[in-house]
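Data first, discussion second: the structure below is written as structure tokens.
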Amino acid sequence: MTKSFHVLIVLLLCVMGSQAQTAKTKAKPFTAVKAAVYETARDTTLRLSPMGEVKFKDFGQPLETQVCVFVDPMATFQTMLGIGGALTDASAETYAKMPEAAQKELMTAYYDGVKGIGYNFARTSIASCDFSSDTYAYVQPNDTLLKTFSVAHDEKFRIPFIKKAIEAAGGKLNLFVSPWSPPAWMKTNNNALKGGKLLDKYRQTWANHYVKFIQTYEAKGIPVWGLSVQNEPMATQTWESCIYTGEEERDFVKKYLGPTLVKNGMKDKKLIVWDHNRDLIYQRASTMMNDPEAAKYVWGIGFHWYETWTGGGMQFNNLKMVHEAFPDKNLVFTEGCVEKYAFDRLNDWGLGEKYGTSMLNDFNCGTVAWTDWNIVLDETGGPNHVGNLCFAPIHANLKTGKLIYTNSYYYIGHFSKFMKTGAKRIAASSNREKLQTTAFVNPDGKVVVVVMNTSDDRLAYKLWIAGKAADLVSRPHSIMTMVL
């Protein structure tokens, strides 16, 4: 390298650095004036209730003895895509049995951004899952060319249901699709249920099957935004399931699914790997992402919250580690629900607090989208063909024709109703463990702050932004959203 060329490179780097610094200083500081407050609290009637406005006053350096939530709109992180729930066979069948008035109420409750909580993200299954009334496949045995492929099963309940959801969401709903199992004849155990693995000789056929499903659904008016490789690839379940080690999933993506999507004009479909719990997420992510030939096909890493089965806790730090190690890939919460359904637990406040805890911490660890499991189930926690009955944010009592809103619905709404697609997460911190917080700035410039209190204490605190503060009170076991 000549001396003059070296000098030129240095000058260019200096100019670039100067431009970057200039761009940073050009950002306009946020001035807090007033905030609209919404609240949900235990032992009250408050459910996403508007609480009026609070005003901000000049307030310099807080004391350590003062309880504060600090927000910095100048520090931005990941861009948010959306929040939603799964449009399963069980939800579709329940919906079909509801009175028309309850059907309209459900769609408004979820997808209307003003009257409801503004869902804009969704998931559905490729063929059957546990939340189906039966086990079914789209192709006949040994049809490696997929000539018998048909989604006739879905046309009765699920496809009309998804179309209603898209309509209710204003005509656009980002939908990703996930298989629970290949057809039985493609597997080592010759069974769609109870684990087993994809036979090597059917890897290309199975890759073609994803494409066929997407093409078929899109031809029926349901756009598909993305897909995951396999639901819970390390769980041998009594229902539809299929096992992949990290290396097996990596090689399937690298040699079959990724190239097949590209070959069929689907390289823009967002491919999500793992789609299982937080406990093994770093090991799986590193196995996939440290192979450039596999990683180039991968848009994101999906995760669930069922690692509590093993007693490991919710393990949010594993998400943070994945986000820091692979910042060019996206974290997506792809499934979660509270299990072991019981009708007398529908008012259990812990249902919502689990959602609030997960959502708040998942977003703070870099998650860009969050997807609940079934959007509605019946009064029994089903239908489910293996008796794996669970809670949903809303249950339909088919005996009375009425909807039952659990507090989970409201906790989710404290995020989904106010956080818009394209929002940026911004810095938010609390100086007390009993107050958890996260915050966003929407594309229109409005700042959204969520504060959650899972303790038994009533806590007065100051919401502090750039030298100004507003006085607020967090009730025991409550969640609040402030919109500035």
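The values are calculated or read from the model by the stated rules, or taken from the named source; none is laboratory data. Since this is a predicted model, take the numbers as computed values, not measurements. Because the Cβ atoms are built from the backbone with ideal geometry, glycine has one as well, and the counts that use them run over all protein chains shown.
At a glance:
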| item | result |
| --- | --- |
| Candidates ALA427, ALA392, ALA396, filtered to the one that is more than 21 Å from GLU39 (Cβ to Cβ), of a type in the set (Gly, Ala, Ser) and not in a strand (DSSP E or B) | ALA392 |
| Residue that is assigned to a loop (DSSP other than H, G, I, E, B) and in contact (Cβ under 8 Å) with a residue 60 or more places away in the chain, where the choices are PHE440, PHE418 | PHE418 |
| From LYS254, LYS263, residue being in contact with an Asp or Glu (Cβ under 7 Å, 6 or more places away or on another chain) and either at pLDDT 95 or above or in the same structural domain as TRP299 (by TED's automatic domain parsing) (or both) | LYS254 |
| Residues being touching a Ser or Thr at 6+ places or on another chain (Cβ under 7 Å) and buried (at least 24 other Cβ atoms within 10 Å of the Cβ) - total across the range 379-394 | 1 |
| Residue check for GLU93: within 28 Å of ASP134 (Cα to Cα), assigned by TED's automatic domain parsing to the domain that holds LEU175, crowded, with 16+ Cβ neighbours inside 10 Å and among the acidic types (Asp, Glu) | yes |
| Among (1) crowded, with 19+ Cβ neighbours inside 10 Å; (2) touching a residue at least 60 places away in the same chain (Cβ under 8 Å); (3) within 19 Å of the chain's Cα centre (by Cα), the one test that LYS424 misses | (1) |
| Residue check for LYS104: closer than 16 Å to TYR405 by Cβ and in contact with a helix residue (DSSP H, G or I) (Cβ under 7 Å, 6 or more places away or on another chain) | no |
| Of all residues making up the range 176-211, the number that are closer than 16 Å to LEU257 by Cβ, in a helix (DSSP H, G or I) and of a type in the set (Gly, Ala, Ser) | 1 |
| Test: residue in the range 163-175 that is in a loop (DSSP other than H, G, I, E, B) and surrounded by 21 or more Cβ atoms within 10 Å (Cβ to Cβ) | yes |
| Entirely in the range 61-143, the strands (runs of 3 or more DSSP E) that have 2 or more residues that are without any contact (Cβ under 8 Å) to a residue 60 or more places away in the chain and of a type in the set (S, T, N, Q) | none |
| Those residues of the range 265-283 which are under 19 Å from ILE243 (Cβ atoms), of a type in the set (D, E, K, R) and surrounded by fewer than 24 Cβ atoms within 10 Å (Cβ to Cβ), in sequence order | ASP279 |
| Filtered residue count, the range 35-73, keeping only those that are surrounded by 14 or more Cβ atoms within 10 Å (Cβ to Cβ) and over 27 Å from SER455 (Cβ atoms) | 1 |
| Selection from the range 302-346 of residues that are part of a strand (DSSP E or B) and crowded, with 18+ Cβ neighbours inside 10 Å | GLY302, PHE303, HIS304, ASN330, LEU331, VAL332, PHE333, THR334, GLU335 |
